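The values are calculated or read from the model by the stated rules, or taken from the named source; none is laboratory data. Given the structure is predicted, the values throughout are model-derived calculations rather than measurements. Don't worry about glycine lacking a Cβ; one is built from the backbone with ideal geometry, like all the others, and counts go over all protein chains shown. Areas reflect the complete protein model, heavy atoms only, side chains present, ligands, DNA and RNA absent. Shrake-Rupley method; radii C 1.70, N 1.55, O 1.52, S 1.80 Å.
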Amino acid sequence: MEVRTTSSDSGKQQTSPAKVEDVTVVSDGAYDTAVADNGNVIDDGLQRGLKNRHLQMIAFGGIVGASIWYGTGSAIAYSGPVGALISFIIVGVDVFFVMQSLGEMSTLFPVQGAFIELAGRFIDPAFGFSLGWNYWYQWVTNLANDYNNISLILAFWATPIPSYGWILLFWALFQSTSLLGIVVYGEMEFWLAAWKLFTVLGGFLVAILVNTGAIGGEYIGFRYWRDPGVIANGINGFGKTFVLAAAYYSGTEMLAMTAAESKNPKKDLPSAIRQTFWRILIIFIGLIFFAGIIIPYDSKDLLTGTSKSALSPWTIALVNAGWDGAGNLLNVVMITAQLSSANSAIYVASRSLVALAHQGRAPRFFGVTTKNGVPVRAIVFSNALGLLALLNIASSPGKVFGYLISISGAATFIAWAFIGITHLRMRQAWVLQGYSVDDLPYKALLYPYGTLFVIFINLFLVFISGYSVFIGGFAAVDFVFDYIVLVIFTLLFVFWKVLKRTKMVPLAEIDLVTGRREHLAGTTLSLSDGEGAEKTSRVPWYVVIRRFLTG
């Protein structure tokens, strides 16, 4: 069968095929739906199999990866303990209002591609094209950085396996797990994220014990805030830390992408957005604060551009306290943390590519899904490009880490800015077309001031992020990595605008009806829980296992 999706690149509603095989079709107006083997709805080619508890942990699990354990050390090395705190708090406020905008849009329009599709509908199809590809290569870059992080972590242990060998081994592992389906992905992320939350809270406790002298026998207090100090490298350090903070917070917005595979997005998404933001903010601010009170920012063991391997601030502090084997424990924690962050990167990159294909902004080839809603082609292609991490063969892993962070951070700032612009246009059209704000299932806090803050702060940060290349002599390579994303985004926009002759969509003509998915809060979804069938007839154990593994 073919599931038809809408495209607005010419300003009119069109249809484009998304092939799904061997499923039962259920009519749903403008969108066809189907039922997968496990009873979940296949909507627009993807399976709505994510429950509320999955949404609660997915963004957290995808963001809190292995690199936070040594990346927090990089932030402190760049701008000092207080400078890093300021940077992460500012970007945290930015993310809060980004999530407010996303919450309002995604609960009303839980569509495939989320803000990628909505930017083309509410602003200009050319922006939907450039933003979609920007977001896709942002997550491909994050994925490559995840693989690079693995080589950094495992370099701590002297093994005969070279860095590229570890990258290829884990690449094959993640390729396998990413093909198991959305249900397996949701369960993996839930339990791995729960484990990561436990280890982070454990890290807080260890930092307190080290700082107070309970471990090591020496009270530290705020000694390192006095010597060497609280701020390092001035505005240059702030610029680098802003980018690092954006790269780490990047992924909070991925909750909007999960709306297309959520069982009940209107009910589950708002609570997931609220709880996920506060979890992530507390985790990052806590990690930066505690790292800043257990080591000095000028420690030679922190991750820099010349690092062949990286030590976590916790490893450094525990070794200083007399535990020489601390690095082994932290490495185990970091490797387990990496399992879900890489899977999440593959998930977001592949779903972004599927959305682009369905909108006619990428080859239709990538829009094909299996009968259970798994976009195999998009997954394999996106994961293959994660092998950009093999660049660390020619350069140090620390240098590659910096390059990939620069690209990911700049792409994040662009995505967040256009989320704000898209939200502003949606709300203006909503009022102009006679709808009531009270009818919105989720209302953004402090609109329009929070939305305007999102737009201006991210446009400012994307330009200041590469400030360091102009200090102490121009560095051409660093300049390219800091600003190449802006050039690519502009070229993509101009290319699509000229090719398709797109125009800015007038507020009065913006489509505020398509994609509402009102049926998802009704009886149709109750049939997809997989519970009704099991109440009327027992399912053989081997069928249950097969459904779990294949989604």
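A few points about this structure:
- Residue match in segment 534-546 (condition: more than 30 Å from the chain's Cα centre (by Cα) and either among the basic types (Lys, Arg) or modelled with pLDDT of 80 or more (or both)): yes
Residue-by-condition table, conditions (1) outside any helix (DSSP H, G or I); (2) modelled with pLDDT of 85 or more; (3) open to solvent by less than 70 Å² (accessible area, probe 1.4 Å); (4) in contact with an Asp or Glu (Cβ under 9 Å, 6 or more places away or on another chain):
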position	(1), (2), (3), (4)
215	yes, yes, yes, no
219	yes, yes, no, no
225	no, yes, yes, no
230	yes, yes, yes, no
241	no, yes, yes, no
248	no, no, yes, no
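- Test for residue 378: is it among the hydrophobic types (A, V, I, L, M, F, W, C), at pLDDT 90 or above and crowded, with 24+ Cβ neighbours inside 10 Å: yes
- When we screen 303, 269, 287 for residues that are over 25 Å from residue 144 (Cβ atoms) and either modelled with pLDDT under 85 or buried (at least 23 other Cβ atoms within 10 Å of the Cβ) (or both), the only hit is 269.
- Single residue of 258, 159 found to be modelled with pLDDT under 80 and more than 29 Å from the chain's Cα centre (by Cα): 159
- Test: residue in segment 344-360 that is within 16 Å of residue 116 (Cα to Cα), outside any helix (DSSP H, G or I) and in contact (Cβ under 8 Å) with a residue 24 or more places away in the chain: yes
- Only one of the listed residues (454, 513) is of a type in the set (A, V, I, L, M, F, W, C) and in a loop (DSSP other than H, G, I, E, B). That residue is 513.
- Checking each residue in segment 505-530 for being among the hydrophobic types (A, V, I, L, M, F, W, C), open to solvent by 50 Å² or more (accessible area, probe 1.4 Å) and modelled with pLDDT under 95 picks out 513, 521, 527.
- When 413, 418 are checked against the criterion of being open to solvent by less than 20 Å² (accessible area, probe 1.4 Å) and not β-branched (Val, Ile, Thr), a single residue qualifies: 413.
Yes/no per residue for (1) under 29 Å from residue 354 (Cα atoms); (2) out of contact with any helix residue (DSSP H, G or I) (no Cβ under 8 Å at 6 or more places or on another chain); (3) among the β-branched types (Val, Ile, Thr):
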| position | (1), (2), (3) |
| --- | --- |
| 73 | no, no, no |
| 77 | no, yes, no |
| 80 | no, no, no |
| 84 | no, no, no |
| 98 | yes, no, yes |
| 102 | yes, no, no |
| 114 | yes, no, no |
| 119 | yes, no, no |
| 126 | yes, no, no |
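- Restricted to segment 423-455, and to residues there that are within 26 Å of the chain's Cα centre (by Cα) and charged (D, E, K, R), the residue that is nearest to residue 413 (Cα to Cα) is 425.
- Across segment 185-213, the number of residues qualifying as surrounded by fewer than 21 Cβ atoms within 10 Å (Cβ to Cβ) and more than 20 Å from residue 64 (Cβ to Cβ) comes to 3.
- Taken as a whole, the structure leaves residue 470 outside the set of residues that are modelled with pLDDT of 65 or more, within 26 Å of residue 105 (Cβ to Cβ), among the hydrophobic types (A, V, I, L, M, F, W, C) and surrounded by 12 or more Cβ atoms within 10 Å (Cβ to Cβ).
- Helices (runs of 4 or more DSSP H) within segment 69-178 that include 1 or more residues open to solvent by 10 Å² or more (accessible area, probe 1.4 Å) and free of Cβ contacts under 8 Å to residues at least 24 places away in the same chain: 163-178
- Note on segment 176-196: residues that are in contact with a Lys or Arg (Cβ under 8 Å, 6 or more places away or on another chain) and within 17 Å of residue 336 (Cα to Cα) amount to 2.
- Meets criteria (more than 20 Å from the chain's Cα centre (by Cα) and either open to solvent by 10 Å² or more (accessible area, probe 1.4 Å) or among the β-branched types (Val, Ile, Thr) (or both)) for residue 404: no
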